[in-house]
Amino acid sequence: MDSQYNLLEVLDHINPAELDYQDWLNVGMALEYEGYGVGTWESWSRRDPGRYHAGECAKKWKGFSGTAHEPVTGGTIVQLAKEQGWTPPFDPGRGFGWDESISLNGIVLDKNWVEEMEIDTPDRDWDPVKDLVRYLETLFDSTENVGYVTRSFERDGKPMPTKGCWDRTAGQLIELLEHCNGDIGSVLGDYNPKVGAWIRFNPLDGKGCKNDNVTDFRYALVESDSMEIEKQNALIRELELPVACLVHSGKKSLHAIVHIDAGSYEEYRKRVDYLYDVCRKNGLDIDKQNRNPSRLSRMPGVMRDGQKQFLVDTNIGKESFTEWKDWIESISDDLPDPENLKDVWDHLPQLSPPLIDGVLRQGHKLLLAGPSKAGKSFALIELCIAIAEGKKWLSWDCAQGRVLYVNLELDRASCLHRFKDVYECMGLRPDHLTNIDIWNLRGKSRPMDKLAPMLIRRASKKNYIAVIIDPIYKVITGDENSADQMANFCNQFDLVCTDLDVAVIYCHHHSKGAQGGKKSMDRASGSGVFARDPDAMLDMIELELSESVLKQEENKAVCTVCRQYLDAHFKWEDELSQDDLCSSYQMMNYCENKLSPPQWEDLKAITEAAKTKARAITAWRIEGTLREFPKFPAVNLWFDYPCHRVDDVGILGDIQPEAERPAWQKNLKRKKTPQEAKKDRMKSLEEQYESLKSFSKEGIVTVKELAESMGTTEKTVRNRIKEHGGFWIDEGNVGKK
């Protein structure tokens, strides 16, 4: 339990009506972790009669214990109380005095070199319109809606802003301001010069001005009105805050609009908390009520009680939040201290429960690797369904829960039909379809470092237990064979795992050439990082089927079809022996005598289709490299489109992959026909074009890029485009007809 504060007293200072759903849930988890009963949470929640539902607390409470990898503690309750204005009786993180040495794990702002910095107030040549236009150009894209307020009202003798306007874009405002002859009021509306005007620093959706209307969590406000304005200026600059715009409020504070660049509201909150903590510990006593992304700030270019609200500077300090945070941590790491094993020996943390029994824990990463035509996407869809329904996947039991399938390769219709086909093939009732969400991104995907925050933002409140990304070649950033670049790429999966507390499952292709002689973890294409980064790796390799095995499958298929046909038309089971039932010759001979001529012709057509399908079946072996579980025996599978089934009989157990056989046993690969070779060339061209187009900001693909991507010459690319017939070339650019 938090020893600094009485959490029940702290809880009295939190109004549940001002919390969103996740914060309300966090309070419950913190109380459970600190040893309080559900009644405490229930009593406190009743203070929000508009959202309180009897029995909901008890229902949620049952699922709290042991579900979080990083438990929510009493510190969360303390933080929420502070955000609602509570001041603790003792705060060990107080601001330092101006004359003290101020340190933050290595950052020292000495009074001898942190000097007050004067601010030049603009004189008669001040151009208010120019200030405001520069502010808008710095913070917004031309198409983004801007929220601003020029009207105010009084509350308890204090001027307060109204909600204001949000229906115009930055581009529209800039164009009007540049032709307003210095009359800002004619564009934005007249304001009270005694009160001033306000503006929101994050773009809105044009439908309102609340946090839910913010379209990009780009900036946060740093403001302090409890110290001299020259000292504020000095600390903002010495801390190298990534300030986009620095505005004089016309009174006793500066408004620093600081880069945050978060991918979600949750990430925004974390980054703002970090920013405010660094400022506070370095003596910049900031107003903590300014955390909201929809917060108003002072608008430059207007008067306030005889003083100018003006733009002091733009683009000072570090260029981005990430660069600034890296700089802070380079001289002030916030890594945890080493812990002594004896201290935790008798109180070890709880392991995450299995997601795939014996293979993968919840919150961990899994890579499925294999060659083309292995049905990797079908296998991942099967896994989606198994998790959603709480059923077995191949040989392994799965935990039940919600799963997000990120489809990067198939068009939407094909993907949805594939899910239904696999459900039917697996023989499962679709009882829990609400557990599966599909994010269709074909032609719209981004590099993984850009996609990860977008994914986190969309999935943050969906309570997924797994996110499946299929396939990753569509989102790879950097050189696939570069260990450091691929390590950075794989770190994005860690980010998704940590921020969403989910397992991340993804697939990758094998390198070229025979794979049977390699270890399973060395078969994936590119850097060895791919195999060493995930907590579990499942590798698929094809098994070459002999003619005798194919004959067996053909025989079984014919027998099955005959029995199904007879079942539909006759009562016949007692007329054949068990041996006859397993012989396609005997079954067909019996059917020819039993059926009428039209029925016999019908059955022959069905059996021919079954034999063709049996000949198309492929065989695969899955081997695992696991970090959390002991190695399992290889699992042999049939891929009988559209799903895999385990070889329970053991037919595949003695088959060796081709590369592991003696040379005299290896199959000689059949040379492709000209038609097959052309089909492969055309498919390669289409795939490379779609991949390059998805990574291009303008959607433009050039002949040169295609040549480099395909490992051939520009002349060859031009010939293949001509051969394909479905593309055009214009001055080196390529497009689809």
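The values are calculated or read from the model by the stated rules, or taken from the named source; none is laboratory data. This structure is a prediction, so every number in the text was calculated from the model and none was measured. FYI the Cβ positions are ideal-geometry reconstructions off the backbone, even for glycines, and counts take in every protein chain you see. Heads up: the accessible areas ignore ligands, DNA and RNA and are worked out on the full protein's heavy atoms, side chains in. Shrake-Rupley method; radii C 1.70, N 1.55, O 1.52, S 1.80 Å.
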LYS194 vs. criteria under 34 Å from the mean Cα position of the chain (by Cα), modelled with pLDDT under 95 and open to solvent by 20 Å² or more (accessible area, probe 1.4 Å): no
Every residue from the range 641-658 that is in contact (Cβ under 8 Å) with a residue 40 or more places away in the chain and open to solvent by 80 Å² or more (accessible area, probe 1.4 Å): TYR641, GLN656
Which numbered condition ARG563 misses (of (1) crowded, with 17+ Cβ neighbours inside 10 Å; (2) more than 48 Å from the chain's Cα centre (by Cα)): (1)
Failed item in (1) aliphatic (A, V, I, L, M); (2) open to solvent by 20 Å² or more (accessible area, probe 1.4 Å); (3) at pLDDT 70 or above, with VAL529 passing the rest: (3)
Residue count for the range 690-709, restricted to those that are of a type outside the set (D, E, K, R), at pLDDT 70 or above and not in a helix (DSSP H, G or I): 4
Every residue from the range 360-373 that is surrounded by fewer than 24 Cβ atoms within 10 Å (Cβ to Cβ), more than 19 Å from the chain's Cα centre (by Cα) and not basic (Lys, Arg): GLY370, PRO371, SER372
All positions within the range 381-424 that are assigned to a helix (DSSP H, G or I), under 15 Å from ASP470 (Cβ atoms) and open to solvent by 30 Å² or more (accessible area, probe 1.4 Å): ARG412, SER414, LEU416, ARG418
Considering residues of the range 8-38 that are more than 25 Å from ASN292 (Cα to Cα) and part of a helix (DSSP H, G or I) only, the residue least open to solvent (accessible area, probe 1.4 Å): LEU31
Residues within the range 431-457 that are free of Cβ contacts under 8 Å to residues at least 40 places away in the same chain and surrounded by fewer than 16 Cβ atoms within 10 Å (Cβ to Cβ), tallied: 2
Enumerated strands (runs of 3 or more DSSP E) restricted to the range 594-656, each holding at least 1 residues that are aromatic (Phe, Trp, Tyr) and within 21 Å of LYS376 (Cα to Cα): 618-626, 635-640
Within the range 566-598, tally of residues that are closer than 24 Å to ARG615 by Cβ, exposed (fewer than 13 other Cβ atoms within 10 Å of the Cβ) and of a type in the set (S, T, N, Q): 1
Criterion violated by ILE184 - all others in (1) closer than 22 Å to ASP305 by Cβ; (2) hydrophobic (A, V, I, L, M, F, W, C); (3) open to solvent by 20 Å² or more (accessible area, probe 1.4 Å) satisfied: (3)
Residue count for the range 599-640, restricted to those that are surrounded by 17 or more Cβ atoms within 10 Å (Cβ to Cβ) and of a type in the set (Asp, Glu): 2
Candidates PRO447, PRO371 - the one that is farther than 21 Å from LEU495 by Cα and either in contact with a Gly (Cβ under 9 Å, 6 or more places away or on another chain) or of a type outside the set (A, V, I, L, M, F, W, C) (or both): PRO371
Filtered residues of the range 165-194 (kept if touching a residue at least 40 places away in the same chain (Cβ under 8 Å) and outside any helix (DSSP H, G or I)): TRP166, GLU178, CYS180, GLY182, ILE184, ASP190, TYR191, ASN192, PRO193, LYS194
Every pair of residues 6+ apart whose Cβ atoms lie under 7 Å, when the first sits in the range 295-322 and is under 17 Å from LEU275 (Cα atoms) while the second is in a loop (DSSP other than H, G, I, E, B): GLY317/GLU240; GLY317/LEU241; GLY317/PRO242; LYS318/GLU240; LYS318/PRO242; GLU319/PRO242; SER320/PRO242; PHE321/PRO242
Output for the range 384-422, where each listed residue is under 23 Å from GLY63 (Cβ atoms), among the aliphatic types (A, V, I, L, M) and in contact (Cβ under 8 Å) with a residue 60 or more places away in the chain: ILE387, ALA399, VAL403, LEU404
Listing of strands (runs of 3 or more DSSP E) fully contained in the range 242-357 that carry 3 or more residues being open to solvent by 40 Å² or more (accessible area, probe 1.4 Å): 307-316
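Out of SER103, SER142, which single residue is touching a helix residue (DSSP H, G or I) at 6+ places or on another chain (Cβ under 9 Å), modelled with pLDDT under 75, of a type in the set (S, T, N, Q) and open to solvent by less than 100 Å² (accessible area, probe 1.4 Å)?
Within the list SER103, SER142, the selection yields SER103.
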